[in-house]
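The values are calculated or read from the model by the stated rules, or taken from the named source; none is laboratory data. Please read all numbers here as calculations on a predicted model, not as lab measurements. When we count neighbours, we look across all protein chains shown, and the Cβ atoms used for this are built from the backbone with ideal geometry, even at glycine. Heavy atoms of the whole protein, side chains included, go into the accessibility calculation; ligands, DNA and RNA do not. Shrake-Rupley method; radii C 1.70, N 1.55, O 1.52, S 1.80 Å.
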Amino acid sequence: MGMKRRHWAWAAAPLALVLLTATGCTSTPDAGAEPTDAPSASGAPSTAVARVCAKPATGPPKAPAGAVTVDPGVVDDLAEKTRSSPPGTTFWLRPGKHRLEPDRYAQVIAKKGNRYLGAPGAVLDGGKKNNYAFSGTARDVTIRYLTVQHFVAPPDEGVVNHDMADGWVIEHAKVQYNSGAGLMAGAHQHVRANCLRGNGQYGMNAYKTGDSIRGLVVEDNEITGNNTDDWERRKPGCGCTGGIKFWAVNGAEIRGNWVHDNRGAGLWADNNNNDFRIEGNLLEANDGAALMYETSYNAVIRNNTIRRNNWVEGRKYADRGDNFPYATIYVSEAGGEPRIRARTDKIEIHGNVLENNWNGITLWENADRFCNSPANTSTGYCTLLVKDTKRCARPAIATAPLYADCRWKTQRVDIHDNRFLLDTSVVKCETECGRMAVLANYGTYPKWSPYKGKRVADAIAHKQHNRWHDNVYGGPWSFVAENTDQQFDSGQWQGTPYRQDAGSTFAPRAGG
């Protein structure tokens with residue numbers, strides 16, 4: 001998991017939250033800061049945000065009828081009563097701090113249909129000794145109103161649903177201050193109205209060993225301050241950080257979440273994800289991109305408010321002289337593919353407000369990254385169009401259909417009816433933070449690659465149906481096409497040969 005990322009630059013359903021415009025969140029790992037209801041410069045309507053870390057819902061103060069009561073004064077009471085009770089049992093955890101045996105592998109192995117309900121003030125605490133809280137392969141487990149904290153899962157592993165079982169429901173919980181990931185995910189998992197805060201690597205690692213995850217729902221959560229262990233510093237280039245990482249998820253609803261102040265990306269879909277709908281979220285003040293959609297397919301990204309993201313990572317690369325347009329929405333080797341079943345056959349990005357981020361949207365394709373190439377950082381994986389990676393080799397890869405199907409392509413991306421607002425005095429930058437881009441590197445590697453030279457750069461800019469149109473721009477925006485050496489103003493961007501942003505408007509100031 002956590003595959004390495006390289007940029008290789010060379011010279012709808014009803015929304016829980018729609019166009020969130022909260023302001024005033026402080027950039028700290030503590031989610032206590034709340035946004036205000038004042039409208040921002042975007043002019044979008046203000047809407048309540050998922051403030052679940054500061055204002056969590058509380059569980060039942062008394063045990064529900066038929067529930068097994070769990071005593072915080074008895075060490076390992078929860079695990080023991082789970083072992084001795086039949087599947088489908090409801091457990092009510094009394095107020096107080098519940099502990100497991102002080103052993104690394106002590107954990108609650110849930111049974112099918114079990115329900116775990118926390119009373120007000122109920123906490124399951126790993127004491128920095130236990131790796132995992134809830135595990136096992138049993139389906140349809142529910143966890144509600146419970147705080148789970150201080151567990152020490154290894155990197156890329158998770159504390160709740162450690163074994164990636166299907167059908168789990170996690171609601172109104174606080175999963176915080178753990179190592180590794182707060183949650184793992186299985187098929188048809190629902191993650192609603194939770195506080196996923198201050199975990200060492202991810203709030204959730206949506207990955208299932210040897211399989212894809214179908215039907216994932218993530219809604220109305222607050223996802224904040226994750227990656228406290230700063231894994232990119234400890235393991236440079238790992239690509240293993242952020243608020244949530246999605247890996248091979250087929251069908252996802254990501255809506256109404258407040259994703260803020262995470263170290264690294266806010267949301268990162270990496271490797272053969274498909275059929276995502278990302279809507280009505282507030283993504284703000286994440287150190288890196290608000291959203292990365294990488295080596296994946298078919299998504300709708302709509303009606304999100306995206307503010308003050310990428311200030312840390314974007315500035316870091318600019319300060320060291322790297323002119324690659326690191327973006328707030330970063331689409332990397334990902335695109336629409338009609339042959340893969342989904343609710344859309346494009347990546348459609350529309351109705352969003354992007355305000356005072358470091359750069360806008362970059363569409364990128366690494367010419368050297370394809371199935372069976374040493375430059376493919378998703379080691380051992382191929383596209384969803386080619387099952388056998390070994391087929392992507394000379395001489396077959398140089399001819400149809402493998403020439404097209406052996407690479408993840410940034411294609412059929414439709415960017416329209418968005419507002420892109422930039423006040424450089426707020427972001428504290430000059431020109432390097434206001435760019436849109438569609439580009440690729442010069443293909444060089446490996447020696448047998450059929451994609452050498454400018455072929456991929458020409459394709460992504462001119463032949464793969466990537467299109468901006470009918471957007472509103474405020475501020476000093478510039479546009480990069482084909483490679484990092486070609487930067488244009490709006491007139492050149494709209495003119496021949498790119499003909500982008502037809503019907504769009506441009507103002508010199510964010511409020512203009």
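Return the distance in nm (one decimal) between the two label points of a simple spin-label model at Arg394 and Thr444, each offset 7 Å from Cα along Cα→Cβ.
Going by the 7 Å Cα→Cβ label model, 1.9 nm.
Can you compute the modelled spin-label distance between Val472 and Asp417, with each label point 7 Å from Cα toward Cβ, in nm?
About 1.3 nm, to one decimal.
Under the rule of -39500 (n - 2.57) per DSSP H run of 4 or more residues, summed and divided by the residues of the chain, what mean residue ellipticity at 222 nm is obtained, to the nearest 500 deg cm²/dmol?
-2000 deg cm²/dmol
Suppose the chain between His462 and Gln492 were pulled fully straight at 0.36 nm per residue; how much longer would it get relative to their current alpha carbon spacing? Intermediate results must be reported in sequence, preceding the final value.
Working: separation 30, 0.36 × 30 = 10.80 nm, distance 1.47 nm.
Stretched fully, the His462-Gln492 segment lengthens by 9.3 nm.
Suppose we look only past 17 Å in the calculated P(r) of the stretch 65-145. What percent of the Cα-Cα pairs does that tail hold?
Values: 1291 of 3240 pairs.
In whole percent, the long-distance tail amounts to 40.
Hull surface divided by four, with the convex hull built on the Cα atoms of the chain: how many nm²?
Directional mean of the projected Cα hull area for the chain stands at 22.7 nm².
Between Lys62 and Lys428, take the C-beta separation as r, use R0 = 51 Å, and let me know the FRET efficiency to the nearest 0.05.
0.45
Whole-Hz Karplus ³J(HN,Hα) for the stretch 175-180, in order, using 6.51 cos²θ - 1.76 cosθ + 1.60 and θ = phi - 60°, x for Gly and Pro?
For the stretch 175-180, the Karplus curve yields 10, 8, 6, 9, 7, x Hz.
What residues have an amide H closer than 5 Å to that of Gly264, excluding those fewer than 5 places away on the same chain, when H is modeled at 1.01 Å from N in the peptide plane?
Asp287, Gly288
Could you sort the peptides 218-229, 119-130 by per-residue average Cβ neighbour count (10 Å cutoff), highest mean leading?
Per-residue mean Cβ counts within 10 Å order the peptides as 218-229, 119-130.
Once you place label points 7 Å from the Cα toward the Cβ at Ala54 and Lys235, how far apart are they in nm?
3.4
Using 1/(1 + (r/R0)^6) with R0 = 51 angstrom and r between the beta carbons of Val75 and His190, what's the FRET efficiency to the nearest 0.05?
E between Val75 and His190, to the nearest 0.05, is 0.95.
Provide the net charge surrounding Arg144, with neighbours chosen by a C-beta distance below 13 Å and charges set as Lys +1, Arg +1, Asp -1, Glu -1.
Local charge sum for Arg144: +2.
Keeping all protein chains in place, calculate the accessible area per residue for the chain (probe 1.4 angstrom), answer in Å².
Result: 36 Å² per residue.
Going Cα to Cα from Lys454, which lysines come in below 23 Å? Please leave out same-chain ones fewer than 8 positions away.
Hits, sequence-local ones excluded: Lys409, Lys463.
Could you please state how large a percent of the accessible area of the stretch 127-261 is carbon and sulfur, counting protein chains only and using a 1.4 Å probe?
Accessible surface attributable to carbon and sulfur in the stretch 127-261 totals 46 percent.
Got the relative contact order for the stretch 78-120 handy, in percent, Cα pairs under 8 Å and 6 or more residues apart? Numbers along the way, then the final one.
On the way: 49 pairs, mean separation 24.6, N = 43.
RCO, the stretch 78-120: 57 percent.
Mind ranking 188-194, 163-169, 305-311 by how tightly packed they are, going by the mean number of other C-beta atoms within 10 angstrom, highest first?
Highest mean packing first, the order is 305-311, 188-194, 163-169.
If I take every Cα pair under 8 Å that is 6 or more residues apart in the stretch 68-507, average their sequence separation and divide by the length, what percent do I get for the relative contact order?
This gives 8 percent for the stretch 68-507.
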